[in-house]
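Participant: One structure coming up, written as structure tokens, with questions to follow.
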Amino acid sequence: MRTAVLGLALATTLFTTSVSAADLLPTGQTQSLSNASDASGDSWKNVATQTITAGDVSFAYRELGKQNGGTPVVFLVHLAAVLDNWDPRIMDGIAAKHHVIAFDNRGIGASSGSPSNSIEQMADDAVTFIKAMGFKQVDLLGFSMGGMIAQEIVLKEPQLVRKMILAGTGPAGGEGISSVAGVTFYDMLRGFLTSQDAKQFLFFTRTPQGIDAGKVFLERLKERSENRDKDISVSAFLAQLKALRNWGHKKTADLSVVKQPVLVVNGDADRMVPTLNTYDLARRLPNSTLIIYPDAGHGGIFQFHADFVPSAIEFLGR
């Protein structure tokens, strides 16, 4: 019963609607679209989804800006998200100057395998993907749970990371992180009862500015109408919630050993990962720069994408 109700709530509130290529294309055209080359003119709404196999996992990924060269920027996504949950304005904006890659971790979206139920294992899987891609060093952009994965990566494989951008996240054991499930279920219920996407409540403030920002963000997520990713399964979502709960109870790591430059970003009213964790994270990282956006919640980088993108590009280019 619990799983059935959760599945209904997930399907109607937490995720954007997926539209398969088969529903939109004449027979025989799906293959040519999925095999499209990474040519100039590609954007997040039409770039091909590719796969690479590492060990027993086939990872689904998309990349843009490969022609820019330089250190690749690997994006690590939030709770319950797949490739289509990345804001096209951020992906296209950063890809204008950098080589960017986003992927589905094991058992998420179109990637194969069983989903990981620990942040540490998610970090190991991300490292497996990065090395399978042939990258010797990368920049990491981690949002929310992705920012936690990024922290684990830099502690496990410091030589692999040049710079990090950590948004809407906090350190292990941070205040309120173990309670993400409660906040998420509450806002999923609010979304279900009001026929809205739960991200309107989870990511944005309830002020007029925040509500408007949420609406336009959710519309941007629908810009890709063909060859969309698979939604996360209920079992994978529950595994991620377990990982977040355990990571929230974990002893805080010694982040003073992280010497890489880090840009730490959030809104001033984050309910999912309370903003005080952002300040705490910036204090713990010896080479950090902090940005806090006003009247913004967990999705501050989406609400203020017009400021965040040039700030990220400037940081990565230093």
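Participant: Take every Cα-Cα pair in segment 215-318 and report what % of them are more than 22 Å apart.
Facilitator: The proportion of pairs with Cα distances above 22 Å equals 50 percent.
Participant: Based on the alpha carbon coordinates of segment 257-318, what radius of gyration and maximum Cα-Cα distance (Dmax) apply, in Å?
Facilitator: Using the Cα atoms of segment 257-318, the pair Rg, Dmax is 11.7, 33 Å.
Participant: So, one more: List every residue whose amide H lies under 5 Å from the amide H of Val264, counting only residues 5 or more places away in sequence or on a different chain, with H placed 1.01 Å from N in the peptide plane.
Facilitator: It is Leu166, Thr289, Leu290, Ile291, by chain and number.
Participant: Where the centroid of each part is defined by its Cα atoms, how far is segment 244-268 from segment 55-85 in Å?
Facilitator: Centre-to-centre distance over Cα atoms comes out at 21 Å.
Participant: What relative contact order, as a whole-number percentage, does segment 177-231 give when Cα pairs under 8 Å and 6 or more residues apart are counted?
Facilitator: Values: 28 pairs, mean separation 10.8, N = 55.
Relative contact order, segment 177-231: 20 percent.
Participant: OK, next. Which residues in segment 56-73 have a backbone N closer than 20 Å to a point placed 7 Å from the Cα of Ser114 along the Cα-to-Cβ line?
Facilitator: 56-60
Participant: Sort 131-138, 244-251 by the packing proxy (mean of other Cβ within 10 Å over each peptide's residues), most packed first.
Facilitator: On the way: 131-138: 14.6, 244-251: 17.5.
Ranking, from highest mean packing down: 244-251, 131-138.
Participant: Greater than 31 Å separation of Cα atoms is the criterion. Which listed pairs, Lys131/Lys230; Lys97/Lys131; Lys222/Lys250, meet it?
Facilitator: Numbers: Lys131/Lys230 24 Å; Lys97/Lys131 23 Å; Lys222/Lys250 36 Å.
Going by Cα-Cα distance, Lys222/Lys250 fall outside the 31 Å limit.
Participant: Need the list of lysines near Lys259 for cross-linking: C-alpha distance under 17 angstrom, and skip anything on the same chain fewer than eight residues off.
Facilitator: Lys156, Lys163
Participant: In addition: Any idea what the relative contact order of segment 222-318 is, in percent, if you count C-alpha pairs under 8 Å spaced at least 6 apart? Mind dumping the intermediate values first?
Facilitator: Values: 92 pairs, mean separation 25.1, N = 97.
For segment 222-318, the relative contact order is 26 percent.
Participant: Kirkwood hydrodynamic radius for segment 246-290: how many Å is it when counted over pairs of different Cα atoms? The partial results should precede the final answer.
Facilitator: Numbers: mean 1/r = 0.0879 Å⁻¹.
About 11.4 Å for segment 246-290.
Participant: Throw me the Rg/Rh for segment 53-104, computed over C-alpha atoms with Kirkwood Rh, two decimals. Don't skip to the end; give the middle numbers.
Facilitator: On the way: Rg = 11.6 Å, Rh = 11.7 Å.
Radius of gyration relative to Kirkwood radius: 0.99.
Participant: Please compute, over every Cα-Cα pair in segment 158-296, the percentage with a separation greater than 27 angstrom. Kindly include the intermediate steps, with their values, before the conclusion.
Facilitator: Working: 2836 of 9591 pairs.
Here the tail beyond 27 Å accounts for 30 percent of pairs.
Participant: Using only the Cα atoms, what convex hull volume per residue in Å³ does the chain have? Can you show the working numbers first?
Facilitator: Details: hull volume 39.8 nm³, N = 318.
Expressed per residue, the convex hull around the Cα atoms of the chain is 125 Å³.
Participant: Same structure again: Past the 16 angstrom mark, what percentage of all C-alpha to C-alpha distances in segment 107-163 do you count?
Facilitator: Taking all Cα-Cα pairs of segment 107-163, the fraction more than 16 Å apart is 40 percent.
Participant: If you count only protein heavy atoms and use a 1.4 Å probe, how large is the accessible surface of Thr51, to the nearest 10 Å²?
Facilitator: Spelled out: Thr51, probe radius 1.4 Å, area about 90 Å².
Participant: What number does segment 162-222 give for Rg over Rh if you use C-alpha atoms and the Kirkwood radius?
Facilitator: That ratio equals 1.04.
Participant: GNM, the chain, Cα, under 10 Å: largest mean-square fluctuation among Asp125, Asp270, Asp254?
Facilitator: Asp254
Participant: Let me ask something else. With the Cα gyration tensor of segment 130-200 in hand, give its eigenvalues times 5 under a square root as the equivalent ellipsoid semi-axes, listed largest first in whole angstrom.
Facilitator: Values: eigenvalues 200, 42, 15 Å².
Ellipsoid half-lengths, sorted descending, are 32, 15, 9 Å.
Participant: Next up: May I have the convex hull volume per residue, in Å³, for the Cα set of segment 43-190? Present the calculation step by step, with values, prior to reporting the outcome.
Facilitator: Numbers: hull volume 17.3 nm³, N = 148.
Once divided by residue count, the hull of segment 43-190 is 117 Å³.
The values are calculated or read from the model by the stated rules, or taken from the named source; none is laboratory data. Since the structure is predicted, the reported quantities are computational estimates derived from the model, not experimental observations. Cβ atoms come from the backbone with ideal geometry, glycine included; neighbour counts cover every protein chain shown. Surface areas here come from the heavy atoms of the whole protein model, side chains and all, with no ligands, DNA or RNA. Shrake-Rupley method; radii C 1.70, N 1.55, O 1.52, S 1.80 Å.
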